[in-house]
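Worksheet: one structure, shown below.
The values are calculated or read from the model by the stated rules, or taken from the named source; none is laboratory data. Remember, it's a predicted structure, so these values are computed and weren't measured experimentally. No Cβ is skipped: glycine too gets one built from the backbone with ideal geometry, and neighbour counts run over all protein chains shown.
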Amino acid sequence: MEEFHKVRRLPPYVFEQVNRLKASARAGGADIIDLGMGNPDLPTPKAIVDKLCEVVQDPRTHRYSSSKGIPGLRRAQAAYYARRFGVKLNPETQVVATLGSKEGFANMAQAITAPGDVILCPNPTYPIHAFGFLMAGGVIRSMSVEPDESFFPPLERAVRHSIPKPLALILNYPSNPTAYVATLDFYKDVIAFAKKHDIIVLSDLAYSEIYFNDAPPPSVLEVPGAMDVTVEFTSMSKTFSMPGWRMGFAVGNERLISALTRVKSYLDYGAFTPIQVAATHALNGDGSDIAEVRNVYKRRRDVMVESFGKAGFEVPPPAATMFAWAKIPEKFRHLGSLEFSKLLVEKADVAVAPGVGFGEQGDDYVRLALVENEHRIRQAARNIKKFLSTADDTMHNVISLNTRR
Ligand SMILES: Cc1ncc(COP(=O)(O)O)c(C=O)c1O
């Protein structure tokens, strides 16, 4: 039987292939160190869990909640933007709560896309950026990811040659998977371009608080006038280690926020009220929980960069996010990222995310998530060292002769 039209547009998840191998290795007793999925392993801070437990006792919270988010939650998000970015938001018209930023992003695509609309999307990138729009009937034109002057020539070509003219441009800095961070100057240039060509800007700022140097990532909404064309998505998943809670936000341009709010009002009743109240409590906190999360990821990053480097697998230190984006060691690069990732599971008991899962431009890379503790990251490095040092002798059919040392 033929696949349904929408399902045909969704290729089997590349990560699923590595996951299957991982599961069968584990079933065979292997201790797989999982740096594959970006699924935060840290517990949600106790005060947030306590708030949920307290509120859930009140039966009034068991009813349908508010699709756009309870007023206190939207006010707390507006206060966060004012405090952190100096951006003033009207919680009534410029903020909507979402069931995680992924849901918000996908439903924004549903809300604004007409069949055949052209969307400018980074490659490589987090899959929903492209597939949210593909599911909504849009067409993707790939853009480069480096947030520097090399970003603009392809953008200009896209505007010149796309028919119809592009509807929207997607930004994601700090970037998953590359960990690139954008400056405010870069955003200024992007907004000037978008306004000139009447293009909507959708910014995914899921990693706003996971950064490792003294320069916190800016919001594109800090650019004067950005509000005219921009919506930005943030997430509680990484900032407060709440991935399973499904809580995020879209903020920005009123017309776009209103479109998303309308679509959502037909689809959901909002997150469970105790979750919304606990999220409000988290956002109104003093920030110490966030600092702790940041420190844990930073220590893991340092351990990974050092131990993997010593093992012969160079990992550039990411300035932000919970990921490192590492080029596949040269002698394995010809295999492509999926085959290399499978090898790492089979021969080194380490799972990583193949770069091709984020787009064809990612195929020389793998993404390493900082979701195992320091001890296990060191163990992963030892396993990889052993694998790399024995590969020449044991993998005649995999490593071509001319790439051997
Ligand atoms: C760039 C990016 N955006 C969005 C998400 C999804 O976040 P949420 O849990 O808020 O849906 C992720 C999760 O990994 C991500 O990396």
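Overview of results
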quantity	calculated
Filtered residues of the range 285-300 (kept if more than 16 Å from the ligand (Cβ to nearest atom) and closer than 24 Å to Pro124 by Cβ)	Lys298, Arg300
Flag if Lys165 is farther than 29 Å from Glu292 by Cα, part of a helix (DSSP H, G or I), in contact with a helix residue (DSSP H, G or I) (Cβ under 7 Å, 6 or more places away or on another chain) and charged (D, E, K, R)	no
Hits in the range 235-250 - residues which are within 17 Å of Met108 (Cβ to Cβ) and near the ligand (Cβ under 8 Å from one of its atoms)	Ser235, Arg246, Met247, Gly248
Filter result (under 25 Å from Asp286 (Cα atoms) and either within 16 Å of the ligand (Cβ to nearest atom) or over 26 Å from the mean Cα position of the chain (by Cα) (or both)) within the range 55-71	Val55, Val56, Gly69, Pro71
Ala136 surrounded by fewer than 23 Cβ atoms within 10 Å (Cβ to Cβ), at pLDDT 95 or above and under 16 Å from Phe105 (Cα atoms)	yes
Filter result for the condition that a residue is surrounded by 21 or more Cβ atoms within 10 Å (Cβ to Cβ) and part of a helix (DSSP H, G or I), over Phe131, Phe152, Phe186	Phe186
Residues that are farther than 23 Å from Arg8 by Cβ and either of a type in the set (Lys, Arg) or touching a Pro at 6+ places or on another chain (Cβ under 7 Å) (or both), drawn from the range 137-169	Met143, Ser144, Val145, Arg157, Ala158, Val159, Arg160, Lys165
Number of the condition not met by Arg160 [criteria: (1) under 19 Å from Ser101 (Cβ atoms); (2) more than 16 Å from the ligand (Cβ to nearest atom); (3) surrounded by fewer than 16 Cβ atoms within 10 Å (Cβ to Cβ)]	(1)
Qualifying residue in the range 310-318 (condition: crowded, with 21+ Cβ neighbours inside 10 Å and out of contact with any Leu (no Cβ under 8 Å at 6 or more places or on another chain))	yes
